[in-house]
Every structure is written in C-alpha cells, then in structure tokens.
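Asks: The structure that follows is given in the form of structure tokens.
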Amino acid sequence: MIGDIIEIRAGILRTMTTPKKRRSWAEPFKIKMVEPVFMTTREQRQKAIEEAGFNTFLLRSEDVYIDLLTDSGTSAMSDRQWAGILLGDEAYAGSRNFYNLEEAIQKYYGYKYVVPTHQGRGAEHIISRIMIKDGDYIPGNMYFTTTKLHQELAGGRFVDVIIDEAHDPDNWHPFKGNIDLDKLEALIKKVGAEKIPYVAMATAVNMAGGQPISLENLKATRELTQKYGIPIIHDMTRVAENAYMIQQNEDGYHDKSVEEIVREICDLTDGATMSAKKDPMVNIGGFLALNDEKLFDEARNMVVIYEGLHTYGGMAGRDMEALAIGIAESVQSDHIRARVGQVHYLGRRLTEDGVPVVQPIGTHGVFLNAKRFLPHLSQDKFPAQTLASEIYIDSGVRSMERGVVSAGRDAETGDHHYPELELVRLTIPRRVYTMAHMHVVEESVQAVYENRDKIKGLEMIYEPKHLRFFQARFRKLS
Ligand code: PM9
C-alpha cells in the first residue's frame, strides 16, 4: 500500500518537474502530535445534516470525519510556530511581535507598510472604505464572496475581467487566473479611469478552482494600468501556491525559487490584502500591506476604529509571531511542493475515476463540477449544495458549495446570480491529512457518483441578507 502511494506520488512529481530519473518524495515533516477524529454512522450523519439545514457550514465539527470545508485557519502549525506562540508579547501597544511580522512582510513580500487585521475581510473592509467611492467600478479576476461584498458596501460595483477560459471547468488553460486585458481596457474606456480606484488582482483565484495568474499576464496588466494611472491591489491569500504553479508551468521561471517568484508578483502591485489563515498557516490573522504612505496613514487611522490598535489590529501578539514564522515557511520549496502535490494527487485520482472535476487541478482543493456530476438538477435545485450534503452523508467528509448559493443575488434586480461554475470544493488543509485520508475521500466521491441518478435537489427555506452561503438553510426535494 505504502509503496503504491509513493510510486503514484513520484508520478505526480515526474509530471510536474520532469526529472530524468524517478526519485520518491514524502511530506517534509514527521508527526509530533495527533488529534483524534471519529467516524459516525450513516444514520447519525443523516440526522446531523438535516439539523444543519443541509448546509455544511452549520454542521458541528465533532460530527465531521474528514474536514475539507476550507483550508482557512485549519492548517497545522509547525513546532517553530507553536514555539512562537510562547513568545507572545501581549503589550497593548508596540508589541515586539508586530515588528517581527512587519519585518517578515517587508522581507518576503516587499510591501513597505503593514496594518494588521483580525483576518482577510478586516483588510478588505479597510481598503474598500479608504479607496472606493460611491459609483466606482472595481475590475477583478473573478469575484470572491467577502471581497465583493465589502466593495459593494463601500458603494462600488465589481466587474469580472478574468479570461473566459476561467468560467469553463473543462478548459485546460494553465493560467486560468489571468486577466483579460481587452475586457479591462474596454471597462476603463467605458467608465473612465477616475471611476476605477484599483484593479483587484487575486493570485490562485479561489472561485475559479484555485487557478493561477501568470507573471506574463500580470506584467501586461501592470503596463496597462500604469498607462491609466490605476493601482493594483493584490489579494495575496494564496500567493505562494500561485508562485509554485508559475515555477512549474511558466517559461523562464523553472529555475527561480518560489520565494523569488512571490517577491516578483508582489513587486508588480501597489498593495495587498492577506487572509493569513491560508498560505502562512495560522489559525487566525491577516493584514493590509501598502506602498503608498498617504493611503497607509488613512488605513492606520481606520484600523483603530474597526479592528484594534495599529500594532495588533485584532491579533494577539502570539498570533503575530506565529504568522511571521509561517510566512517564511510558506515559501519553502519542499513545503509548497508537498502541499500542492497532495491536492494534485487527489485531483488526479478523481480524474482517473472519471469524476467530473475542474481542470487543471488548482492549488488548494479539488473542485467537483456539480453541473456535470448531477446533470439532471437545474441550478434552481442547488446541485453543488446538494452534492456537498450527499458526500457528507456518505462518509462524513465535509466540503463546501461554490455555486449559485455562494454567488448570491444581483444587488439591483434581486435575482439569483447563476454562475457558470457550480462547484463543490474539497479543500485540503495544509500539513493536516495523510494520503490515506485522500483515499477515503476519493472512494466516498466515487460512491456518490455511482448513485448520482437517485439524488434529488434542495429547496432554500431560509436566506440571510449577506453572504448567504454561510447560514442559509435548505429542505430536501422529494
Ligand atoms: N476564504 C475560504 O474558505 C474562508 C471563508 S469562505 C468565504 O476559501 C480570499 C481569496 C479568500 C478568503 C477567505 C478571503 C477572506 C479573502 N480572499 O476568511 O476573512 O479565500 O480571512 O479572508 C475562505 P478571511
């Protein structure tokens, strides 16, 4: 069994790095502490998901066997990060951990000024409040739920300028996170550069399936936006994972380190929002990073209203220390290869099983194509929401809907958005699960796929006003 796994893993490595001779590799860590997980019965899971209104966000984690809801705040910290927790300087002002964090951000990402926040959306709130005016347009390479909401709450309107290939789950474009320069320039010409406070550029585009942007495209975007004097604000939540894909697949970058590529990406942008719960593997934290002193001054003033003093911004000193260490670990080549390698391992196996998944496999999860998985369900019957609950009932594996529920409603018409991508995300936390867990996930998805014809859809019976996917409730259609 183990030999088998290693051989297949080596196969992944071969396709991704093309070495001449096969050499097996394994996770670059050994396990020092374990947390037990418990299997439930099918009857227990049936009851639990009904009580949760068929929304995997509303399940209790003790009812979950393998938790692939998200990679956000769920990764395993290293012994060095835990040691950092003990070095917390919990002074209200001027904590030494803040200065360590600032230094790590300046060193690895190159941004000059740092405003810590409790997590990514705290940074999104501040940047939206200080840069967006009523009636502005914010072009971006596909929406992200919290990002778009903060843009709208600040009076702006998000405009999707990602390449068309990103909306096609079967298109094998290696950089589906790329910005369509024609779409971007057409928007600038239509509404005027003064109505565009910034371009929101994400690395490893989450809603597209964890799809990377290429450096070639980012450089061209930079050239275009500079022509019009428009800054780029980078959602750098998974920048190291994007950098790894550039190293593997973009000409001219095979010999560069992930650390160097991360820096090159950041240097092409004017500022960034970071949910540090992903790439840098902390359980909580985030920041806004900027190069413009005036903007920084405004952000630093605003953070004290909504998050906390500008030297902690909602984080404890110990969390800032763990984050500073996690940033350095996130760009280490053996770490990132194993992290993305595990996601690709599951993705390849499901692809070989004939299960419809978004191609190419992204960086932080495997995204099931619910439209092709359950072709008999229209989007009004919430196929991805249905599929996520069926996988949970089958095995206790928890996943997340990324389709019509996540897309929400049109702010003007009140109608559902019907996104092209109706997906279920099997998100892999970093350094948490073994390859054996991946096999259990694969077999569960296979089992549900074999019985897909029997699956009926869902009806929404409760819908909160904002970010409905977190708290909406559903009933099974008979
Ligand atoms: N992402 C995820 O599971 C957690 C919540 S689901 C809304 O993928 C990007 C690209 C994210 C992200 C969170 C945030 C917000 C911003 N940008 O959750 O506030 O993937 O730390 O970050 C989640 P916070």
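The values are calculated or read from the model by the stated rules, or taken from the named source; none is laboratory data. As the structure is a prediction and not an experimental result, all values here were calculated from the model. All Cβ positions, glycine included, derive from the backbone under ideal geometry; neighbour counts span all protein chains shown. Remember, those area values only see protein heavy atoms, side chains included, never the ligands or the DNA or RNA. Shrake-Rupley method; radii C 1.70, N 1.55, O 1.52, S 1.80 Å.
Asks: Order the peptides 288-295, 166-173 from the highest to the lowest mean number of other Cβ atoms within 10 Å of their residues. Before the final figure, lay out the partial values.
Replies: Working: 288-295: 19.1, 166-173: 16.2.
Final packing ranking: 288-295, 166-173.
Asks: Counting only heavy atoms of protein chains, what accessible area per residue, in Å², does the range 22-110 have with a probe of 1.4 Å? Mind showing how you got there, number by number?
Replies: Details: 5630 Å² over 89 residues.
Here the per-residue accessible area is 63 Å².
Asks: Enumerate by residue number the GluC sites (Glu not before Pro) in the range 46-117 meeting two conditions: DSSP loop (anything except H, G, I, E, B), and at most 10 other Cβ atoms within 10 Å of the site's Cβ.
Replies: Numbers: sites: Glu50, Glu51, Glu62, Glu90, Glu102, Glu103; in loops: Glu90.
When the GluC sites (Glu not before Pro) of the range 46-117 are filtered for loop state and at most 10 Cβ neighbours within 10 Å, Glu90 remain.
Asks: Under a point-charge model restricted to the Cβ atoms of Lys and Arg (+1) and Asp and Glu (-1), what is the dipole moment magnitude of the chain relative to its Cα centre, in debye to the nearest 20?
Replies: Working: 58 positive and 68 negative charges, 130 e Å.
It works out to roughly 620 debye.
Asks: Now for a separate question. Give me the net charge for the shell around Lys112: Cβ to Cβ below 10 angstrom, other residues only, Lys and Arg +1, Asp and Glu -1.
Replies: Values: positive: none; negative: Glu102, Asp292, Glu293.
My count for the surroundings of Lys112 gives -3.
Asks: Using 0.36 nm per residue of separation minus the Cα-Cα distance, give me the extension gain between Lys30 and Ala436 in nm, one decimal. Working shown, then result.
Replies: Working: separation 406, 0.36 × 406 = 146.16 nm, distance 1.53 nm.
Gain on extension, Lys30 to Ala436, equals 144.6 nm.
Asks: At a probe radius of 1.4 Å, what is the per-residue accessible area of Phe469, in Å² to the nearest 10?
Replies: 10 Å²
Asks: Still on this structure, please answer the following. Can you pull the percent of the range 350-478's accessible area that's carbon plus sulfur, 1.4 Å probe, other chains left in place? Numbers along the way, then the final one.
Replies: Numbers: 2270 of 4890 Å².
Percent of accessible area from carbon and sulfur atoms in the range 350-478: 46.
Asks: Scan the range 345-401 for GluC sites (Glu not before Pro) in coil per DSSP, keeping those whose Cβ has at most 16 other Cβ atoms within 10 Å, and list them by number.
Replies: Working: sites: Glu352, Glu390, Glu401; in loops: none.
Nothing satisfies the criteria.
Asks: For the range 253-304, what is the charge dipole size about the Cα centre, in debye to the nearest 20, if Lys and Arg each add +1 at the Cβ and Asp and Glu each add -1 at the Cβ?
Replies: Working: 6 positive and 11 negative charges, 68 e Å.
Magnitude of the dipole: close to 320 debye.
Asks: Now a separate question. Keeping all protein chains in place, calculate the accessible area per residue for the range 167-224 (probe 1.4 angstrom), answer in Å². Before the final figure, lay out the partial values.
Replies: On the way: 2160 Å² over 58 residues.
With the other protein chains kept in place, the range 167-224 gives 37 Å² per residue.
Asks: Also: Using modelled amide H (1.01 Å from N, peptide plane; none on Pro or chain starts), what sits under 5 Å from the amide H of Arg409, excluding residues fewer than 5 places away?
Replies: Close amide H contacts, sequence-distant or interchain: His417.
Asks: May I ask you to list the GluC sites (Glu not before Pro) in the range 211-268 that are in a DSSP loop and have at most 10 other Cβ atoms within 10 Å of their Cβ?
Replies: Values: sites: Glu216, Glu223, Glu241, Glu250, Glu259, Glu260, Glu264; in loops: Glu250.
Sparse-neighbourhood loop GluC sites (Glu not before Pro): none present.
Asks: Then there is this: From a point 7 Å beyond the Cα of Lys183 in the direction of its Cβ, which residues of the range 409-451 have a backbone N at a distance under 19 Å?
Replies: Hits in the range 409-451 for Lys183 at 19 Å: 409-411, 417-423.
Asks: Let me ask you something else. Sort the following peptides by mean Cβ neighbour count (other Cβ atoms within 10 Å, averaged over residues), highest first: 414-423, 355-364.
Replies: Numbers: 414-423: 17.5, 355-364: 23.5.
Answer by packing, highest mean first, reads 355-364, 414-423.
Asks: For a Förster distance of 41 Å, can you work out the FRET efficiency between the beta-carbons of Lys219 and Thr413, rounded to the nearest 0.05? Working shown, then result.
Replies: Details: r = 38 Å, r/R0 = 0.91.
The pair Lys219/Thr413 has a calculated efficiency of 0.65.
Asks: Amide H neighbours of Val357 under 5 Å, at least 5 residues apart or on other chains, H built in the peptide plane: list them.
Replies: Under 5 Å from the amide H of Val357 lie the amide H atoms of Asn369, each far enough along the sequence or on another chain.
Asks: Suppose we keep just the DSSP beta bridges with both residues in the chain; what percent of those would be antiparallel, to 5? Intermediate results must be reported in sequence, preceding the final value.
Replies: Numbers: 26 of 40 bridges.
Percent antiparallel among DSSP bridges in the chain is about 65.
Asks: Can you compute the charge dipole magnitude of the range 150-203 about its Cα centre, using +1 on each Lys and Arg Cβ and -1 on each Asp and Glu Cβ, nothing else charged? Give it in debye, rounded to the nearest 20. Each step should come with its number before you reach the end.
Replies: Numbers: 6 positive and 10 negative charges, 65 e Å.
Dipole about the Cα centre, nearest 20: 320 debye.
Asks: Summing -39500 (n - 2.57) over the DSSP H runs of n ≥ 4 in the chain and dividing by its residue number, what mean residue ellipticity at 222 nm do you reach, to the nearest 500 deg cm²/dmol? Kindly include the intermediate steps, with their values, before the conclusion.
Replies: Numbers: 17 runs with 198 residues, N = 478.
Helix contribution divided over all residues of the chain: -13000 deg cm²/dmol.
Asks: Another one. Using the heavy atoms of the protein chains alone and a 1.4 angstrom probe, what is the accessible area of the range 365-438 per residue in square angstrom? Working shown, then result.
Replies: Values: 2130 Å² over 74 residues.
For the range 365-438, the solvent-accessible area averages 29 Å² per residue.
Asks: With θ taken as phi - 60° and the coefficients 6.51, -1.76 and 1.60, list the Karplus ³J(HN,Hα) couplings across the range 332-346 in order, rounded to whole Hz; mark glycine and proline as x.
Replies: Along the range 332-346, the couplings run 5, 5, 5, 5, 5, 5, 5, 5, 6, x, 5, 4, 5, 4, 5 Hz.
Asks: Here is a further query. Quickly work out the Gln46-to-Lys190 label distance, labels modelled 7 Å from Cα along the C-beta direction, and quote it in nm with one decimal.
Replies: 5.0 nm
Asks: Moving on. Return the carbon/sulfur percentage of the accessible area of the range 124-248, one whole number, probe 1.4 Å, all protein chains in place. Can you show the working numbers first?
Replies: On the way: 2120 of 4250 Å².
On the range 124-248, the fraction of accessible area on carbon and sulfur atoms equals 50 percent.
Asks: Whole-Hz ³J(HN,Hα) for each residue in the range 459-472, computed from phi via Karplus 6.51 cos²θ - 1.76 cosθ + 1.60 with θ = phi - 60°, x for glycine and proline: what do you get?
Replies: 10, 7, 10, 8, 9, x, 5, 10, 6, 4, 4, 5, 10, 4
Asks: Which one, Met142, Ser478, Leu295, projects farthest toward the positive side of the charge dipole computed for the chain from Cβ point charges (K/R +1, D/E -1)?
Replies: Farthest towards the positive pole: Ser478.
Asks: In nanometres, what is the gap between the two model label sites at Glu463 and Leu268, each 7 Å from Cα along Cα-to-Cβ?
Replies: In this crude label model, Glu463 to Leu268 measures out at 3.9 nm.
Asks: Just subtract the alpha-carbon distance of Leu153 and Thr351 from 0.36 nm times their residue separation and send over the number in nm, one decimal.
Replies: Residue separation times 0.36 nm, minus the Cα-Cα distance, leaves 67.3 nm.
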